[in-house]
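The values are calculated or read from the model by the stated rules, or taken from the named source; none is laboratory data. Just so it is clear, the structure is predicted and the values come from calculations on it, not from any experiment. Cβ placement follows ideal geometry from the backbone for every residue including glycine, while neighbour counts extend to all protein chains displayed.
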Amino acid sequence: MARFLISGSRGTDDPTLATLPFMAAKTAKEQGHDVVLWLWSEAVTLGRKGTADHVIGVNLTPLKDLLAAVQAANIPLWVCGACAVARQVTEQDLVAGATIKGMPAYIQAVAERDKVISF
């Protein structure tokens, strides 16, 4: 079993790239790996309730279904704190299983993980 930190930086501005980190996290978890999903930059908006309902990448599973799978698998969904502030996303806005984390938590997770994948 490997330990993954999977991060995404794209949001509704690029539905295809926004979807890929969720696909990767779901797949890694299904393969038995330990996973944390980190959303930063525009991707923090994907952690907001209702946003995933409207994101469908080209020829990909709708994000709302992937988000549900991530939540069902208890994959931690971390939202960049500074990025959230810049986009007026608060803890109360977040989907179940998502939490706002700062850079210290991100750096610690990077140091502890075997693999870091960024989209």
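Against the conditions (1) within 23 Å of GLN92 (Cα to Cα); (2) assigned to a helix (DSSP H, G or I); (3) of a type outside the set (Ser, Thr, Tyr), ALA28 satisfies every one except (1). Scanning region 81-119 for residues that are part of a helix (DSSP H, G or I), in contact (Cβ under 8 Å) with a residue 60 or more places away in the chain and of a type in the set (Asp, Glu) gives a single hit, GLU112. Of all residues in region 26-56, those satisfying the criterion of being within 10 Å of the chain's Cα centre (by Cα) and either over 20 Å from TYR106 (Cα atoms) or of a type in the set (Phe, Trp, Tyr) (or both) are TRP38, TRP40.
To keep it simple, each residue is scored yes or no on (1) in contact with a strand residue (DSSP E or B) (Cβ under 9 Å, 6 or more places away or on another chain); (2) surrounded by 14 or more Cβ atoms within 10 Å (Cβ to Cβ); (3) of a type outside the set (Phe, Trp, Tyr).
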position: ARG10; (1), (2), (3): no, yes, yes
position: THR16; (1), (2), (3): no, yes, yes
position: ALA24; (1), (2), (3): yes, yes, yes
position: TRP40; (1), (2), (3): yes, yes, no
position: ALA43; (1), (2), (3): yes, yes, yes
position: HIS54; (1), (2), (3): no, no, yes
position: ASN59; (1), (2), (3): no, no, yes
position: CYS80; (1), (2), (3): yes, yes, yes
position: ALA98; (1), (2), (3): yes, yes, yes
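With the structure loaded, tell me whether LEU37 is within 21 Å of ASP13 (Cα to Cα) and assigned to a strand (DSSP E or B) or whether it fails that test. When the stated conditions are applied, LEU37 passes them. Selection of region 100-115 for residues being surrounded by 11 or more Cβ atoms within 10 Å (Cβ to Cβ) and either farther than 17 Å from GLY8 by Cβ or of a type outside the set (Val, Ile, Thr) (or both) yields LYS101, GLY102, MET103, ALA105, TYR106, GLN108, ALA109, GLU112, ARG113, ASP114, LYS115. Out of curiosity, is ILE75 under 13 Å from the mean Cα position of the chain (by Cα), more than 18 Å from GLY11 (Cβ to Cβ), surrounded by 19 or more Cβ atoms within 10 Å (Cβ to Cβ) and modelled with pLDDT of 95 or more? Yes.
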